[in-house]
1. Yes or no: segment 227-244 includes at least one residue that is farther than 28 Å from residue 180 by Cβ, touching a strand residue (DSSP E or B) at 6+ places or on another chain (Cβ under 9 Å) and either open to solvent by less than 40 Å² (accessible area, probe 1.4 Å) or touching a residue at least 40 places away in the same chain (Cβ under 8 Å) (or both).
2. Being away from the ligand (no atom under 12 Å from the Cβ) and in contact (Cβ under 8 Å) with a residue 12 or more places away in the chain narrows it down to one of 187, 176, 223, so name that one.
3. Open to solvent by less than 50 Å² (accessible area, probe 1.4 Å), free of Cβ contacts under 8 Å to residues at least 60 places away in the same chain, in a loop (DSSP other than H, G, I, E, B) and more than 30 Å from residue 132 (Cβ to Cβ): which single residue out of 27, 6 fits that description?
4. Pairs, please: C-beta under 9 Å, at least 6 apart or cross-chain, first residue free of Cβ contacts under 8 Å to residues at least 60 places away in the same chain and farther than 13 Å from residue 201 by Cβ and in segment 261-274, second open to solvent by 20 Å² or more (accessible area, probe 1.4 Å) and more than 8 Å from the ligand (Cβ to nearest atom)?
5. Hey, among 213, 196, which residue is in the same structural domain as residue 257 (by TED's automatic domain parsing), in a helix (DSSP H, G or I) and either among the acidic types (Asp, Glu) or exposed (fewer than 11 other Cβ atoms within 10 Å of the Cβ) (or both)?
Amino acid sequence: MKTTSSYLRVLLFVIVAFVLFEVTIDSGDQWAFQKYPIIWAVLGVLTLFAVAIEIAVEAMRSILFRSLKAESKERFLQLQSEAKQNNWFNKTYQKLVGKSKPIEEESEIILDHNYDGIRELDNQLPPWWVYMFYLTIIFAGVYLTRYEILGADDTHTEYEKEVAQAEKEIAEWKKTAKDLVDVNTVTLLTDKEDLDKGKAIFTTNCVACHKADGGGGIGPNLTDEYWILGGGIKNVFHTISEGGRDGKGMVAWKGDLKPLEIQEVASYVLSLQGTTPANPKEPQGEIWKEEN
Ligand code: HEC
């Protein structure tokens with residue numbers, strides 16, 4: 001009799017059961033039915049149950065129906081079709097469409113005025129349309145109050161605020177992500193703490209060729225203002241990172257030292273400028289002047 005809704009009920013039942021399983025069973029970042037395949041079996045059994053119940057109910061209903069007297073049968077069918085007419089969906093639909101005349105009856109309500117062939121149709125506005133119109137009025141009121149009277153941010157200001165916030169966060173992040181320095185962004189460090197770290201790196205890796213006081217040996221004197229490969233933090237960073245000229249003995253350190261460490265040792269090397277080492281090597285290269 002009403003098989004379609006039985007199908008729908010069973011389907012709905014299975015979906016609800018499925019969702020309940022997913023919601024109530026803690027399965028980490030996996031789906032519960034992936035983690036516990038048994039759920040499929042349980043769902044299967046539950047579905048069979050639901051189908052069985054539907055079949056039983058339907059059978060009972062038709063037995064009862066057959067046992068009814070002829071006039072009751074008629075009454076029953078009438079009630080059933082009335083119930084169908086009066087269901088929630090139909091009622092709402094009727095409410096929204098309202099009492100506007102259908103197109104076939106429009107000739108009854110067309111007005112006599114004739115403006116160069118354009119005539120007015122005095123139909124009732126469908127309620128769905130009227131409601132939407134009211135909504136736009138309310139929206140306009142809220143909008144006007146919010147932006148023109150209370151002065152909320154317009155999209156432009158919102159955008160600028162978000163960009164400013166993002167820039168703040170990037171700056172914050174860069175502070176903790178110092179290893180991000182490269183030859184273009186490197187700056188001279190002057191904090192004692194950083195220079196001490198640079199000195200430790202220098203002592204471990206560089207003194208064999210540059211001497212503990214930077215006076216030079218195999219490698220050039222790092223305390224004078226003469227530079228073979230260029231002075232200033234950017235050039236020194238580059239030399240340490242990429243190495244000197246081929247075959248001279250200064251290797252590229254970027255494989256052994258992190259960018260931050262290169263920045264520290266480069267800053268330390270530059271802090272040796274103007275000191276007087278015990279046994280300085282003669283100047284090599286050119287006098288370096290920082291150009292701004
Ligand atoms: C194996 C020996 C050796 C070691 C170890 C060494 N250097 Fe050098 N370094 C040299 C030589 C040789 C040069 C000259 C390169 C050239 O002429 O191209 C040089 C050049 C340099 C320069 C450029 C000097 C200029 O005049 O332009 C800097 C800066 C420097 N070294 C820093 C370091 C630092 C920092 C370390 C440790 C991380 C280090 N070196 C380790 C041999 C060495």
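1. Keep residues of segment 227-244 that are farther than 28 Å from residue 180 by Cβ, which gives 228.
In the following step, the residues that additionally are touching a strand residue (DSSP E or B) at 6+ places or on another chain (Cβ under 9 Å) were identified as 228.
In the following step, the residues that additionally are either open to solvent by less than 40 Å² (accessible area, probe 1.4 Å) or touching a residue at least 40 places away in the same chain (Cβ under 8 Å) (or both) were identified as 228.
Looking through segment 227-244, at least one residue is farther than 28 Å from residue 180 by Cβ, touching a strand residue (DSSP E or B) at 6+ places or on another chain (Cβ under 9 Å) and either open to solvent by less than 40 Å² (accessible area, probe 1.4 Å) or touching a residue at least 40 places away in the same chain (Cβ under 8 Å) (or both).
2. On the way: 176 fails: in contact (Cβ under 8 Å) with a residue 12 or more places away in the chain; 223 fails: away from the ligand (no atom under 12 Å from the Cβ).
It is 187.
3. 27
4. Listed pairs, sorted by first residue: 272/213; 273/224; 273/225; 274/224; 274/225.
5. On the way: 213 fails: in a helix (DSSP H, G or I).
The match here is 196.
The values are calculated or read from the model by the stated rules, or taken from the named source; none is laboratory data. A quick note: this is a predicted structure, and the numbers were derived from the prediction, not measured. Please note: Cβ atoms are built from the backbone with ideal geometry, for glycine as well, and neighbour counts cover all protein chains shown. SASA here: full protein model, heavy atoms, side chains in, ligands and nucleic acids out. Shrake-Rupley method; radii C 1.70, N 1.55, O 1.52, S 1.80 Å.
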